[in-house]
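Here the structure comes first, spelled out in structure tokens, and everything after it is commentary.
The values are calculated or read from the model by the stated rules, or taken from the named source; none is laboratory data. Since this is a predicted model, take the numbers as computed values, not measurements. Cβ: placed from backbone, ideal geometry, glycine included. Neighbour counts: every protein chain shown.
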């Protein structure tokens, strides 16, 4: 397990990163960056023009250990557009068992706020939860009726390829999305091996990877008829990938909710990207351009 270098002093590593993006005649720009601890970004990239800033969130330790608390705030102001991703997988390592040292909890909170006409695409790579981890991963999105959001999370329990199953510990994934301060979506997945949710047919049904892809646009931006047609196209792509048993697609109050439940993180990512390629031209009015970091 990788230990925090501050473990001997504070038994925890607190890190925060606050980003603000604004829009002007020069396009979308980072207008404010505030950081503390090992969370940062290099700079904004513009592979598709100045109106969309691509950001790569960097966490050099590449994992979260007991006592660590990571907070990321992304404020996308009126008419700005950003695509945020990570250069690699996030990891919740095995939690400490000696409680006298400190709190074993491992926490990551991401808060995304969108202004009027703003667009945010939040596509972190997969989160790997090691056996005996004690993790919490929260993603909260607050948008306005005329802003647009596309974002996913992908969670992998244990390291099946190394014959290390998630047989102990706990992990909670919480996703919430508000539109004009009204809660549209609240989804909480709490994994606790003692509850048998991993084995239960109404739970994970012995699958080790689950993911959620959310896409929001109002009826004024994307009509209900267009969204209905889009869903049919998405389901056709799922069928072409022979993934009907892995993917579900639901329209909840103008919010597309796409779920994956299976065994392979790369399969989940490939399917989500294939669906994003259909969603983006309709929601964002741009063709899908994958971040370069995904190919390294």
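Scanning segment 129-138 for residues being surrounded by 20 or more Cβ atoms within 10 Å (Cβ to Cβ) and assigned to a strand (DSSP E or B) gives a total of 4.
If we scan segment 220-242, do we find a residue that is surrounded by fewer than 13 Cβ atoms within 10 Å (Cβ to Cβ), at positive phi and within 23 Å of the chain's Cα centre (by Cα)? The answer is no, given that none of the residues of segment 220-242 is surrounded by fewer than 13 Cβ atoms within 10 Å (Cβ to Cβ), at positive phi and within 23 Å of the chain's Cα centre (by Cα). For segment 249-267, a residue qualifies if it is under 17 Å from the mean Cα position of the chain (by Cα) and closer than 16 Å to residue 215 by Cβ, and the qualifying residues are 255, 256, 257, 258, 259, 260.
The one condition from (1) out of contact with any helix residue (DSSP H, G or I) (no Cβ under 9 Å at 6 or more places or on another chain); (2) touching a residue at least 40 places away in the same chain (Cβ under 8 Å) that residue 126 does not meet is (1).
As for segment 266-278, it holds no residue that is in contact with a strand residue (DSSP E or B) (Cβ under 6 Å, 6 or more places away or on another chain), in contact (Cβ under 8 Å) with a residue 24 or more places away in the chain, under 20 Å from residue 127 (Cα atoms) and not in a helix (DSSP H, G or I).
Only one of the numbered conditions (1) in contact with a helix residue (DSSP H, G or I) (Cβ under 9 Å, 6 or more places away or on another chain); (2) crowded, with 19+ Cβ neighbours inside 10 Å; (3) modelled with pLDDT under 95 is not met by residue 203, and that is (2). Scanning segment 85-122 for residues that are surrounded by 21 or more Cβ atoms within 10 Å (Cβ to Cβ), touching a residue at least 60 places away in the same chain (Cβ under 8 Å) and assigned to a strand (DSSP E or B) turns up 92, 119, 121.
Residues that are touching a strand residue (DSSP E or B) at 6+ places or on another chain (Cβ under 7 Å) and more than 30 Å from residue 168 (Cβ to Cβ): does segment 85-101 have at least one? Among the residues of segment 85-101, at least one is touching a strand residue (DSSP E or B) at 6+ places or on another chain (Cβ under 7 Å) and more than 30 Å from residue 168 (Cβ to Cβ), which makes the answer yes.
Would you check which residues across segment 196-244 are assigned to a loop (DSSP other than H, G, I, E, B), out of contact with any strand residue (DSSP E or B) (no Cβ under 7 Å at 6 or more places or on another chain), without any contact (Cβ under 8 Å) to a residue 40 or more places away in the chain and more than 17 Å from residue 154 (Cα to Cα) and list them? Hits for segment 196-244 are 196, 199, 200, 201, 202, 219, 223, 241, 242, 244.
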